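Worksheet for the structure shown next.
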Amino acid sequence: MSIIIQKFGGSSVADTEKLFNVCNHIKRERELGNQVVVVVSAQGKTTDKLLSEAKEICESPSQRELDALASVGEQITIAKLTMCLHKLGIRAVSLTGWQIPIVTTSAYGDADIQRIESSRILKELDSGNVVVVAGFQGIDENNNITTLGRGGSDTTAVALAARLNAEVCNIFTDVDGIFTADPNVVHDAEKLETISYDKMLGLSNLGAKVLHNKCVEIGKKYNVKIVVKSSFIENSQGTLVTD
């Protein structure tokens, strides 16, 4: 029995229909006999909406309170997805970054993960649960809620894969892997079967939004097998990010 990490971005969990589509991916992995940890982002543009509402209150809100607000979107998603799994008869439990806990620096809005306690997740997996984790968030040494920067759910997923020695970290998105250019803009862009950590890091640092640069750095450091694939294409093979 292997531990599999599945990460689903905002477009993959945007509404209830898509949440049930996510459940199908989880169910298939469970049927293969694997333990599954799911990391999710906020639904759709929820985080943008929350931050915009904060700016309506104050032009320069407290960074601490911004992180407390921005983290709410992922908490909504984990609760909804866990309810969907329960409806399908799949045992599951949701965990926030501070329930695990994922301990970070105190750099609000762009915190770095310092350590992840694995005992709670392993206990839930051993009891037969799918563990649904809120991405993008953690807690510092003073118990303040922190966030990992935009796209930080990728970082949560790859860091968990490294900590739990997972078989693979599948990053599900709205495109079928990593392309030579944005396929939504360049229609003859070619999909890559594999890409190195270094090349992927270069693309991320140049602004490619496929993977968060911190997650690629963690993947390279701990040799995490990362596969970027579509949540909307059946049996998507995606792109393998490797050494």
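Laboratory data are not the source of any read-out in this text; all were calculated from the coordinates shown. Because the structure is predicted, anything quoted here is derived from the model rather than measured. Using ideal geometry, Cβ is built from the backbone for each residue, glycine included, and neighbour counts are taken over all protein chains shown.
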### Message
Just want to confirm a number: the relative contact order over the chain, from Cα pairs under 8 angstrom separated by 6+ residues, in percent.
### Response
21 percent
### Query
Taking residue 221 as the anchor, which lysines have their alpha carbon closer than 19 Å to its alpha carbon, excluding any fewer than eight residues away along the same chain?
199
### Amide H contacts under 5 Å for residue 168, placed H, 5+ residues apart
5
### Task
Taking a cut-off of 15 Å between Cα atoms, list the aspartates and glutamates near residue 225, but don't count ones fewer than 8 places away on the same chain.
154, 167, 193, 198, 217, 243
## Note on the structure
Per-residue Cβ contact counts at 10 Å, fewest first, order 25, 86, 212, 187 as 187, 86, 25, 212
## Note on the structure
Relative contact order of the range 8-53 (C-alpha contacts under 8 Å, at least 6 apart) in percent is 54 percent
### Summary
With N residues in the range 113-243, Rg(alpha-carbon) / (2.2 N^0.38 Å) equals 1.10
### Task
Could you list 67, 110 in order of exposure, starting from the residue whose Cβ has the fewest other Cβ atoms within 10 Å?
110, 67
### Message
Give me Rg/Rg_expected for the range 42-84, where Rg uses Cα atoms only and Rg_expected = 2.2 N^0.38 Å with N residues.
### Response
1.27
#### Entry: Set of lysines with alpha-carbon distance to residue 87 below 28 Å, sequence-local pairs under 8 removed
7, 18, 27, 45, 123, 229
### Message
I need the peptides 38-47, 219-228 ranked by packing, meaning the mean over residues of other C-beta atoms within 10 angstrom, with the highest value on top.
### Response
38-47, 219-228
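With charges only on Cβ, +1 for K and R and -1 for D and E, what is the dipole size of the chain about its Cα centre, in debye, rounded to 20? Walk me through the intermediate numbers first.
Working: 25 positive and 30 negative charges, 116 e Å.
Dipole magnitude for the chain comes out near 560 debye.
Using the Cα atoms of the chain to build a convex hull, what is its mean projected area in square nanometres?
The Cα convex hull of the chain, projected and averaged over all directions, gives 12.9 nm².
Filter the DSSP H helices in the chain by two things, a Kyte-Doolittle mean of at least 0.5 and an axial alpha-carbon span of 15 angstrom or more, and list the hits by number.
Qualifying helices: 152-164.
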#### Entry: Percent of Cα-Cα distances greater than 27 Å, calculated over the range 31-166
19 percent
### Message
Taking amide H atoms as placed 1.01 Å from N in the peptide plane, list the residues 5 or more away in sequence, or in a different chain, whose amide H sits under 5 Å from that of residue 95.
### Response
132, 133, 134
### Top of 202, 149, 135 by mean-square fluctuation, Gaussian network on the chain, Cα under 10 Å
202
### Message
At a 10 Å Cβ-Cβ cut-off, how would you order 172, 20, fewest neighbours first?
### Response
20, 172
### Residue-wise HN-Hα coupling along the range 175-190, computed from phi with Karplus coefficients 6.51, -1.76, 1.60 (Hz; x: Gly, Pro)
10, 8, x, 9, 10, 5, 7, 5, x, 6, 10, 9, 6, 9, 4, 9
